[in-house]
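Step one of this worksheet: look at the structure below.
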Amino acid sequence: MPNTNTLAPDPLDTRALRHVFGRDRRSPQVNDLSKHHHDNSHHEPPPPPGNYPFHLDLEDLLGAAEVDKIRQAGKLVFHTMGDTGHKDHGSEAQFAIAFHMVGQLESLPERDRPKFFYHLGDVVYFNGEKEDYDSQFYEPYDEYTAPIVAIAGNHDGAKGDDQSIPTLEGFQMNFCAPQPTHTWMAGHSNRTTMIQPNFYWTLLTPLATIIGLYSNVDGKINGKNKAQQDWLTEELKNAKQRGDKCVLVTVHHPPYSLDSSHGGHTAIQDVLDKAFADASFTPTAILSGHVHDYQHFERKIGTRKVPYLVSGAGGYEGYSNMHQLKPGAVPPAGVKLKKSNTKLPGFLKITVTKTAFAGQYYQVSRPNGHFSNSTATLFESFSYPL
Ligand SMILES: [Fe+2]
């Protein structure tokens, strides 16, 4: 009887064979200092690297056989958080979180194992520098042997002292490359470049459609034109037409936040609400970063309860610079704060089945000498029916 329980890749599955994501090796920390350049301007992004409507299929990352397994299992699991870079500080938290994410990859049974890490922006501080991709991205996730995709954050689009460097240059080269290749920016990591078709783009998976927006440096979707707004409306209409049950929208700047440093972004709220109205469709959940803590909001839209999640405690803030909530601050009418964590950094593990969008937020304690001395503790579990 042939052995069907093999991990060897299907020899015909050439789509997956071009990718390399990481390796099983520990690596040292790098701390390298630079001054914070405050850029809050809106920069028109470069032309889309790929073709409209900017779709990437999970099969192009994992291959058809792996995606078929997800389909058969009826379950998709992935990690998500933002704000991970570690210029000046935060490296300890970033490495500790990465350690526990790798731990989940290695220990969870196949059907519960996260299939990718969806980064919610601010990959490289402070201005998305190409030369910092190794120390802030490739090295910390060197052992994370699953794909990492991303939306860009304000720091990824920001411009530094050298104004001749185009906005998003590092992000484009590392996340929107035409092919998976090993770049000089990856240093000793085996991870190849990601092949996202644009700075706003949609990831198609068997159980969830993930529509990723680019909220630029200033927290605005719309610049000279409304191309991204129109695209979002079309993507929501398409999802509705296909009958997608779980539709997630990701955007770096959070529509709602009660923190005293950044706060919520009404310009993002307006863009989302206009698109929901124009498409006559409300997505399942909104995921954001930017604010360096965890906040779980719930908004009543019609008869539905829609979670708006802020997961921006991915490492940058370290263990002592978490964004705190403003005393007395309350969300807008119809929105309530269900849970927040401003004490410890952490990450979200999302699970999508045919009947539920669920999540688990893990807080990660400070490592005492070695990362294995830190713990990842379940802080919140939630589930929304589909
Ligand atoms: Fe940010």
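The values are calculated or read from the model by the stated rules, or taken from the named source; none is laboratory data. Bear in mind that the values here come from a model prediction, so they are computed numbers and not experimental data. Every residue, glycine as well, gets a Cβ built from its backbone with ideal geometry; the counts of neighbours run over all protein chains shown.
One residue stands out among those in segment 302-319 that are more than 14 Å from the ligand (Cβ to nearest atom), part of a loop (DSSP other than H, G, I, E, B) and under 23 Å from the mean Cα position of the chain (by Cα): the one that is farthest from Ser288 (Cα to Cα), which is Tyr319. Within segment 88-111, the set of residues being under 27 Å from Gly63 (Cβ atoms) and either within 15 Å of the ligand (Cβ to nearest atom) or touching a strand residue (DSSP E or B) at 6+ places or on another chain (Cβ under 6 Å) (or both) comprises His100, Met101, Arg111. Looking at the structure I just gave you, is Leu309 crowded, with 18+ Cβ neighbours inside 10 Å, free of Cβ contacts under 8 Å to residues at least 40 places away in the same chain and of a type outside the set (S, T, N, Q)? No.
Against the condition more than 25 Å from Asp39 (Cα to Cα), not aliphatic (A, V, I, L, M) and not in a helix (DSSP H, G or I), how does Arg111 come out, does it pass? No; evaluated as a whole, the condition is false for this residue. Do you know which of the residues in segment 116-169 that are in contact with a Pro (Cβ under 9 Å, 6 or more places away or on another chain) and within 18 Å of Leu287 (Cα to Cα) is farthest from the ligand (Cβ to nearest atom)? Here the answer is Phe116. Out of curiosity, is Thr80 of a type outside the set (A, V, I, L, M, F, W, C), at pLDDT 95 or above, touching a Leu at 6+ places or on another chain (Cβ under 6 Å) and within 16 Å of the ligand (Cβ to nearest atom)? In short, yes. Out of segment 74-107, which residues are over 17 Å from Asn368 (Cα atoms), touching a residue at least 12 places away in the same chain (Cβ under 8 Å) and more than 18 Å from the chain's Cα centre (by Cα)? Passing the criteria: Gly74, Lys75, Lys87, Asp88, Gly103. Only one of the numbered conditions (1) free of Cβ contacts under 8 Å to residues at least 40 places away in the same chain; (2) surrounded by fewer than 20 Cβ atoms within 10 Å (Cβ to Cβ) is violated by Leu337, and that is (1). Among residues belonging to segment 258-295 that are charged (D, E, K, R) and within 16 Å of the ligand (Cβ to nearest atom), point out the one that is surrounded by the fewest Cβ atoms within 10 Å (Cβ to Cβ). It comes out as Asp259. Can we say Leu61 is in contact with a strand residue (DSSP E or B) (Cβ under 6 Å, 6 or more places away or on another chain) and either within 14 Å of Tyr118 (Cα to Cα) or part of a helix (DSSP H, G or I) (or both)? No, not satisfied. Taking (1) surrounded by fewer than 24 Cβ atoms within 10 Å (Cβ to Cβ); (2) in a loop (DSSP other than H, G, I, E, B); (3) in contact (Cβ under 8 Å) with a residue 12 or more places away in the chain in turn, Arg191 satisfies each apart from (1). Quick one: is Gly85 buried (at least 22 other Cβ atoms within 10 Å of the Cβ) and within 16 Å of the ligand (Cβ to nearest atom)? Considered against the rule, which asks whether it is buried (at least 22 other Cβ atoms within 10 Å of the Cβ) and within 16 Å of the ligand (Cβ to nearest atom), Gly85 comes out as yes. Apart from one condition, Leu62 fits all of (1) at pLDDT 65 or above; (2) surrounded by fewer than 19 Cβ atoms within 10 Å (Cβ to Cβ); the exception is (2).
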